[in-house]
1. Look through the range 53-83, keep the residues that are more than 12 Å from the ligand (Cβ to nearest atom) and assigned to a loop (DSSP other than H, G, I, E, B), and return whichever of them is farthest from residue 112 (Cα to Cα).
2. Pull up the range 10-49, narrow it to residues that are assigned to a helix (DSSP H, G or I) and without any contact (Cβ under 8 Å) to a residue 40 or more places away in the chain, then point me to the one that is farthest from the ligand (Cβ to nearest atom).
3. Which of the residues that make up the range 126-136 are surrounded by fewer than 16 Cβ atoms within 10 Å (Cβ to Cβ) and away from the ligand (no atom under 16 Å from the Cβ)?
4. Can you confirm whether residue 5 is part of a strand (DSSP E or B) and touching a residue at least 60 places away in the same chain (Cβ under 8 Å)?
5. Can you spot a residue in the range 187-204 that is modelled with pLDDT of 95 or more, buried (at least 20 other Cβ atoms within 10 Å of the Cβ) and closer than 22 Å to residue 34 by Cβ?
6. Might you let me know whether the range 116-125 holds any residue that is buried (at least 20 other Cβ atoms within 10 Å of the Cβ), more than 19 Å from the chain's Cα centre (by Cα) and assigned to a helix (DSSP H, G or I)?
7. Is it fair to say residue 109 is without any contact (Cβ under 8 Å) to a residue 60 or more places away in the chain and either under 16 Å from the mean Cα position of the chain (by Cα) or surrounded by 13 or more Cβ atoms within 10 Å (Cβ to Cβ) (or both)?
8. Among the numbered conditions (1) buried (at least 21 other Cβ atoms within 10 Å of the Cβ); (2) closer than 22 Å to residue 115 by Cα, tell me where residue 22 comes up short.
Ligand SMILES: N[C@@H](CCC(=O)N[C@@H](CS)C(=O)NCC(=O)O)C(=O)O
């Protein structure tokens, strides 16, 4: 049986790959172990992890294929690899148009929502030097996210998962990635429960799923745990001489 190892950080974007692996394991298709990194402690910049991923990011998947060990980074690449290796896990619909719709969701979430908007909120010190400029960067990220949440809400179904109908319940990696952002939105004060009833209902369905409950328990996270301190010490701009 295939065996994987996922390098993850609690509640990070790696949560989606973690849920995908748990779905695969529960379907009896492979098993996996995990290595936990704590981002606020700077584990991702330590030499032992940089040897695994020199970019210093989670997730990373370690796998064995045709007798060779491999390492794969980038959340979407990992999800794609797992889908190809385990089509029976039905991590996305097979029909070309629906599959493309799934990638439309995944790429928007990974690029616009995560890398473009949330990064401004998480790490304004990477974009600007003075505290006032950093506050503007953070406000820009928040304004973008507020627009994105309205867009997201307008595209979600009233019932079921994003691909909610079909012969099984339609749970997919789109729902797995969406729960990452729902948790972040709650923790960063966007109060989805006030404005986005479809997103709240979808997230509740996702959270009730046994694989998701198991992964939340394993990562020791919930929807309202404390925000990590800003790891400013990792990203200080060098003093000029
Ligand atoms: N492009 C990467 C981004 C991964 C990423 O930003 N991971 C974050 C956690 S959500 C991380 O490891 N951050 C550590 C850091 O930036 O120091 C992917 O999609 O996998």
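1. Among those residues, the one meeting the criterion is 67.
2. 25
3. 129, 130, 131, 132, 133, 135, 136, listed by residue number.
4. No: the conditions fail for residue 5.
5. No: zero hits.
6. The answer is yes; a qualifying residue exists.
7. No, not satisfied.
8. Exception for residue 22: condition (2).
The values are calculated or read from the model by the stated rules, or taken from the named source; none is laboratory data. Model, not experiment: these values are computed from the prediction. As a convention, Cβ positions derive from the backbone with ideal geometry for all residues, glycine included, and neighbour counts pool all protein chains shown.
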